[in-house]
Each structure stands twice: as C-alpha cells, then as structure tokens.
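The values are calculated or read from the model by the stated rules, or taken from the named source; none is laboratory data. The structure presented is a predicted model; accordingly, all values stated were derived computationally and were not measured. Using ideal geometry, Cβ is built from the backbone for each residue, glycine included, and neighbour counts are taken over all protein chains shown. These accessible areas exclude ligands, DNA and RNA; they are computed on the full protein's heavy atoms, side chains included. Shrake-Rupley method; radii C 1.70, N 1.55, O 1.52, S 1.80 Å.
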Amino acid sequence: MPLNYEHPDSPYPRQGEIIGDLFELQLQIPASATIDLNQPAKFDRVDHPYSIVVSQDCDLEWDYKARQREAPEGKLLAHVLFCGLFPEGELRGRGNLLNELFRRAQRNQDERYHHLLTAPISGTGDHIPELFADFKTTFSLPIEFVYWLISTSQVIRKGALPSPYLEDFMHRLYSYLGRVAISE
C-alpha cells in the first residue's frame with residue numbers, strides 16, 4: 001500500500017499529524033546553574049519546522065470534547081507531546097550521522113530514528129517531503145498554547161500518517177522511549 005498522508009480535518013490535533021512552523025519558548029538557564037528568582041525570566045524561541053503529534057489520539061479527542069463541555073473536565077490534558085522531524089541534511093548535521101548509521105536510519109534499522117518517505121497529501125495536490133524522526137527530540141507544549149497557535153494560523157497543519165504507518169511509527173517511538181537502563 002503506497003503512502004498517502006491524510007489531510008488534517010479535525011478541530012483538534014491528532015496523533016500522527018505533522019505540523020509545520022511550530023515553536024516553543026525555552027527558559028534561559030545561566031551557565032552558573034544558580035538561578036536568581038528576583039530577576040525576570042528570559043526565554044529563547046526554539047523553532048520546529050516539522051513536528052509530529054505523538055500524544056494518544058483518544059486523549060486528544062477527550063480533551064477537545066471536555067473543552068466543548070461534551071465530556072467531564074477530568075479528561076482535560078495539560079500538554080501535547082511532539083517529536084521533531086528533520087530533513088536529511090539537518091539530521092546529518094545535528095546527529096553527526098556517518099554514512100553507515102545514516103543508511104541504517106534510512107532503512108528504519110536504527111532504534112533512535114524513523115524514516116518518513118515523501119508522499120502526497122490526499123486531496124490537496126501538496127506533499128510532505130522526506131523527513132526523519134529523531135526520538136531523542138520529543139517535547140511537550142501546553143495544549144492551550146497549541147490551540148492558540150492553530151486558531152491564529154501560526155502553524156501549518158500539513159498532513160497525518162494513515163494506518164498502518166501510524167501504528168508502525170508509534171510502536172517504534174514507544175519502544176525507544178520505553179528502554180530500561182541496565183547496569184554494566
């Protein structure tokens with residue numbers, strides 16, 4: 001079955017949805033590691049040209065329904081979990097991937113990376129370029145911030161991984177995140 005990304009058509013972010021132009025604000029921490037609480041906080045803007053939503057789809061749906069007062073308030077989420085996606089050149093630059101490691105990442109044979117092929121977005125005439133997920137680049141954003149970014153069109157809801165590609169991606173991500181350290 002050839003890959004065709006789905007056009008995002010839900011009012012809330014969906015698991016497997018690829019979002020463009022996402023950003024977060026990270027607190028500047030002084031090198032001295034001593035934080036003066038009397039000084040105003042300073043933040044750096046960190047841009048994420050491509051990210052994929054990895055929060056559970058059912059949780060995102062329940063959160064949306066709770067915000068519409070169609071579900072109990074206890075279903076609200078505090079954050080949405082994302083994973084960074086990178087074009088080949090950027091991935092090679094960030095991870096210092098030598099040829100053999102990069103070939104393993106391309107074939108989805110390295111547990112840290114997942115290769116997403118370029119493919120069209122159904123019904124749009126647009127496509128999503130070849131991207132690589134680096135499972136070490138997960139981050140979360142407050143869900144209210146994500147809704148604000150979407151409602152003000154500051155991010156681009158590109159497309160979403162369809163089944164069975166979504167299940168394969170999520171299985172690999174959670175296998176990586178679920179590693180257990182053992183003593184040597």
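Within region 64-78, restricting attention to residues that are out of contact with any helix residue (DSSP H, G or I) (no Cβ under 6 Å at 6 or more places or on another chain) and closer than 21 Å to PHE139 by Cα, the residue that is surrounded by the most Cβ atoms within 10 Å (Cβ to Cβ) is TYR64.
Against the condition assigned to a helix (DSSP H, G or I), in contact (Cβ under 8 Å) with a residue 24 or more places away in the chain and out of contact with any Cys (no Cβ under 9 Å at 6 or more places or on another chain), how does ARG104 come out, does it pass? Write out each step before concluding.
Working: assigned to a helix (DSSP H, G or I): yes; in contact (Cβ under 8 Å) with a residue 24 or more places away in the chain: no; out of contact with any Cys (no Cβ under 9 Å at 6 or more places or on another chain): yes.
No: the conditions fail for ARG104.
Which of the residues that make up region 115-157 are of a type in the set (A, V, I, L, M, F, W, C), more than 15 Å from the chain's Cα centre (by Cα) and in a loop (DSSP other than H, G, I, E, B)?
If we filter region 115-157 for residues that are of a type in the set (A, V, I, L, M, F, W, C), which is where we start, we get 116-117, 119, 121, 128, 131-133, 135, 139, 141, 143, 145-146, 148-150, 155-156.
Next, only the ones that are more than 15 Å from the chain's Cα centre (by Cα) stay: 117, 119, 121, 148.
LEU117 - this is the single residue of region 115-157 that is of a type in the set (A, V, I, L, M, F, W, C), more than 15 Å from the chain's Cα centre (by Cα) and in a loop (DSSP other than H, G, I, E, B).
Could you grab the pairs with beta carbons closer than 8 Å, sequence gap of 6+ or different chains, first residue in region 141-152 and closer than 15 Å to GLN68 by Cα and in contact (Cβ under 8 Å) with a residue 12 or more places away in the chain, second one assigned to a helix (DSSP H, G or I) and open to solvent by less than 40 Å² (accessible area, probe 1.4 Å)? Pairs found: ILE143/ASP63. Close contacts from region 87-101, counting a first residue that is in contact (Cβ under 8 Å) with a residue 12 or more places away in the chain and a second that is hydroxyl-bearing (Ser, Thr, Tyr), with Cβ to Cβ under 9 Å and a gap of 6+ residues or different chains, come to PRO87/TYR50; LEU91/TYR113; ARG94/THR137; GLY95/TYR113.
Can we say ALA31 is open to solvent by 20 Å² or more (accessible area, probe 1.4 Å), of a type in the set (A, V, I, L, M) and touching a strand residue (DSSP E or B) at 6+ places or on another chain (Cβ under 9 Å)? Answer is no for this residue. Applying the condition of being buried (at least 16 other Cβ atoms within 10 Å of the Cβ) and among the polar types (S, T, N, Q) to region 34-63 and asking which residue is nearest to PHE135 (Cα to Cα) yields SER51.
One line per residue, one yes/no per condition, for (1) outside any strand (DSSP E or B); (2) under 15 Å from VAL155 (Cα atoms); (3) of a type outside the set (Ser, Thr, Tyr):
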site: PRO8; (1), (2), (3): yes, yes, yes
site: GLY20; (1), (2), (3): no, yes, yes
site: GLN26; (1), (2), (3): no, no, yes
site: ILE29; (1), (2), (3): yes, no, yes
site: LEU37; (1), (2), (3): yes, no, yes
site: ALA41; (1), (2), (3): yes, no, yes
site: VAL46; (1), (2), (3): no, yes, yes
site: PRO49; (1), (2), (3): no, yes, yes
site: SER55; (1), (2), (3): yes, no, no
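Scanning region 79-92 for residues that are in contact with a strand residue (DSSP E or B) (Cβ under 9 Å, 6 or more places away or on another chain) and open to solvent by less than 70 Å² (accessible area, probe 1.4 Å) turns up VAL80, LEU81, PHE82, CYS83, GLY84, LEU85, PHE86, PRO87, GLU88, LEU91.
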